[in-house]
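Each remark here refers to the structure printed beneath this line.
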Amino acid sequence: MSDAFGDVDTIWMDGEFVDWDDAQIHVLTHGLHYGTGIFEGVRCYDTENGPAIFRWEEHLDRFYESAKPYDMEIGFSREELTEATETLIREQNLDSCYIRPIAFYGYDSLGVSPGDCPTEVAIACWPWGTYLGEDALENGVEVMVSSWRKHASSQIPTNAKTTGLYVNSMLAGEEARRNGFVEAIVLNKEGDVAEGPGENLFLVRDDELYTPGLSESILDGITRQTVIDIAEDLGYTVHDDATISRGELNTADELFFTGTAAEVTPIRKVDNVEIGSGTRGPVTEEIQQEFFDIVERRTDKYDEWFDYV
């Protein structure tokens with residue numbers, strides 16, 4: 001077991017709990033060769049009422065919806081996936097963790113058509129801290145605009161969280177890191193801002209928030225929607241169907257990423273151009289603080305977003 005996964009020892013696979021090292025698939029699995037899988041990333045937070053899974057129902061909604069374009073039948077109910085996940089968290093004594101449900105076409109034949117390949121489903125949970133670095137939440141990250149473009153929804157469905165599509169994200173992110181940046185920003189085919197490799201993006205101008213709309217080839221992020229709700233409840237105007245040009249990034253008052261892994265992470269530089277004051281801006285800080293007050297249950301707001309284990 002890699003040290004990256006901590007002290008966990010069990011994975012749920014197709015209705016059974018198996019030893020971590022025995023959670024294996026055939027080398028000719030269809031999903032391995034063609035990227036025919038769908039997945040979710042979910043966080044469980046440590047609260048005074050015990051571990052709490054954040055927006056589990058919304059993640060399950062997207063999990064089942066992501067399977068539809070691929071004619072993939074998830075052979076387990078929402079209740080079964082929930083019970084499996086909660087058991088993994090309880091039995092492995094995880095106070096907080098990252099949860100990865102995945103479904104993919106398995107081993108049967110290796111034509112491009114999945115044919116009679118079975119749909120295999122698995123869930124793993126493990127401890128996972130700050131995604132973009134320990135100081136990123138306070139000091140922000142430096143990013144570059146990638147030379148790789150985001151595919152259009154007319155090419156591959158961008159509203160489905162598909163395993164194969166993350167090759168695009170990997171290329172953009174690794175390009176950024178080779179050039180000394182923490183993360184990338186990816187433009188769509190029109191040259192406007194889409195998102196990060198694993199994050200949505202928000203721009204702040206004159207105390208109003210702008211985030212690319214669904215027509216900009218983005219994934220409809222659950223943390224994105226969470227931040228929209230939080231910001232509006234704090235009294236901010238949010239433009240959630242914006243078209244943001246590349247040049248607008250450099251003149252923004254503030255920029256920040258959102259995502260299950262990234263949570264709410266400020267962006268302090270884009271292509272070595274300082275954003276705003278070059279530090280976490282006041283709007284980002286207020287939204288970020290409210291977000292963490294909510295997920296760590298320091299407030300009673302939005303309790304319906306949590307499933308307590």
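Some points to look at:
- Of the residues making up the stretch 112-144, those that are crowded, with 19+ Cβ neighbours inside 10 Å and of a type in the set (Ser, Thr, Tyr) are THR119, TYR131.
- Scanning the stretch 285-301 turns up no residue that is in the same structural domain as VAL186 (by TED's automatic domain parsing) and part of a strand (DSSP E or B).
- Among residues of the stretch 1-45 being among the hydroxyl-bearing types (Ser, Thr, Tyr) and surrounded by 13 or more Cβ atoms within 10 Å (Cβ to Cβ), the one that is nearest to the chain's Cα centre (by Cα) is TYR45.
- Top-ranked residue of the stretch 215-233 - restricted to ones that are outside any helix (DSSP H, G or I) and touching a Ser or Thr at 6+ places or on another chain (Cβ under 8 Å), ranked as farthest from ASP293 (Cα to Cα): SER217
Condition check ((1) closer than 20 Å to THR211 by Cβ; (2) without any contact (Cβ under 8 Å) to a residue 12 or more places away in the chain; (3) in contact with a helix residue (DSSP H, G or I) (Cβ under 7 Å, 6 or more places away or on another chain)) across all residues:
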position: LYS269; (1), (2), (3): yes, no, no
position: ILE275; (1), (2), (3): yes, no, no
position: THR284; (1), (2), (3): yes, no, no
position: ASP293; (1), (2), (3): no, yes, no
position: GLU296; (1), (2), (3): no, no, no
position: ASP300; (1), (2), (3): no, yes, no
position: PHE306; (1), (2), (3): no, no, no
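- From SER153, SER109, SER147, residue being in a loop (DSSP other than H, G, I, E, B) and surrounded by fewer than 16 Cβ atoms within 10 Å (Cβ to Cβ): SER109
- If you go through the stretch 169-185 and keep only what is surrounded by 24 or more Cβ atoms within 10 Å (Cβ to Cβ), in contact with a Gly (Cβ under 7 Å, 6 or more places away or on another chain) and either without any contact (Cβ under 8 Å) to a residue 60 or more places away in the chain or closer than 16 Å to GLY133 by Cβ (or both), you end up with GLU183, ALA184.
- Residues being modelled with pLDDT under 95 and crowded, with 22+ Cβ neighbours inside 10 Å - total across the stretch 264-279: 0
- Candidate set: the stretch 203-231, residues that are under 17 Å from the mean Cα position of the chain (by Cα) and of a type in the set (A, V, I, L, M, F, W, C); chosen: the one surrounded by the fewest Cβ atoms within 10 Å (Cβ to Cβ): LEU214
- Checked across the stretch 46-68, the condition of being within 26 Å of PHE291 (Cβ to Cβ), of a type in the set (Val, Ile, Thr), in contact (Cβ under 8 Å) with a residue 12 or more places away in the chain and assigned by TED's automatic domain parsing to the domain that holds CYS117 holds for at least one residue.
- Residues of the stretch 53-72 include none that is of a type in the set (S, T, N, Q), assigned to a loop (DSSP other than H, G, I, E, B) and on the phi < 0 side of the Ramachandran plot.
- Boolean, VAL264 is in the same structural domain as ASN168 (by TED's automatic domain parsing) and either touching a helix residue (DSSP H, G or I) at 6+ places or on another chain (Cβ under 9 Å) or not acidic (Asp, Glu) (or both): yes
- Residues (assigned to a helix (DSSP H, G or I), touching a residue at least 24 places away in the same chain (Cβ under 8 Å), of a type outside the set (A, V, I, L, M) and surrounded by 13 or more Cβ atoms within 10 Å (Cβ to Cβ)) located in the stretch 73-90: GLU80, THR82, THR85, GLU86, THR87
- ALA252 aliphatic (A, V, I, L, M) and within 23 Å of LEU171 (Cβ to Cβ): no
- Whichever residue in the stretch 117-153 is modelled with pLDDT under 95 and of a type in the set (A, V, I, L, M, F, W, C) and, among such residues, is nearest to VAL186 (Cα to Cα): ALA152
- Residues that are under 16 Å from the mean Cα position of the chain (by Cα), not in a helix (DSSP H, G or I) and not polar (S, T, N, Q), drawn from the stretch 156-169: ALA160, LYS161, GLY164, LEU165
The values are calculated or read from the model by the stated rules, or taken from the named source; none is laboratory data. Being a predicted model, the structure only gives us computed values, none of them experimental. Methodologically, a virtual Cβ is constructed for each residue, glycine included, from the backbone with ideal geometry; neighbour enumeration extends over all protein chains shown.
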